[in-house]
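Worksheet for the structure shown next.
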Amino acid sequence: MEIPETDIDSVKKRLARAQGQLGGIIKMLDEGRQCTDVLTQMAAAQSAINRAAFSLIASGIANCTQDEAGEQDLAKLEKAFLALS
């Protein structure tokens, strides 16, 4: 898949943010923090991962949806989007 390096960097930053949030969530659990606070942070981490995935698909849509012959494969595109739901 050929995706511009700037787009890859953006996805990596989003994933690094999510990774930091996950570490924070584990720490919150260890500290016995309120369930609602933990769930709020979990939602934020999930959102960061989802945004990274959507960004990756949007950037690489031409390459991510090609079959072996280089033709657009709409079923492959649909599967990629449904995997995010």
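The values are calculated or read from the model by the stated rules, or taken from the named source; none is laboratory data. Note that the structure is a prediction, hence the values are computed from the model and not measured. All Cβ positions, glycine included, derive from the backbone under ideal geometry; neighbour counts span all protein chains shown.
General observations
- Residue in region 62-71 that is at pLDDT 80 or above, part of a helix (DSSP H, G or I) and not small (Gly, Ala, Ser) present: no
- Pairs linking a residue in region 5-32 that is charged (D, E, K, R) to a residue that is part of a helix (DSSP H, G or I) and at pLDDT below 95, with Cβ atoms under 6 Å and 6 or more positions apart or on different chains, are Asp7/Ser59; Arg14/Ala48; Arg14/Arg51; Arg14/Ala52; Arg17/Ala48.
- Answer residue from region 11-62, given it is under 14 Å from the mean Cα position of the chain (by Cα) and β-branched (Val, Ile, Thr) and is surrounded by the fewest Cβ atoms within 10 Å (Cβ to Cβ) among those: Ile57
- Conditions (1) surrounded by fewer than 11 Cβ atoms within 10 Å (Cβ to Cβ); (2) at pLDDT 95 or above: number failed by Glu5: (2)
- Residue identified as touching a residue at least 12 places away in the same chain (Cβ under 8 Å) and either in contact with a helix residue (DSSP H, G or I) (Cβ under 7 Å, 6 or more places away or on another chain) or loosely packed, with under 12 Cβ neighbours inside 10 Å (or both) among Ala75, Ala80: Ala80
- Filtered by the rule that a residue be polar (S, T, N, Q) and farther than 30 Å from Ile61 by Cβ, region 1-36 gives Gln34, Thr36.
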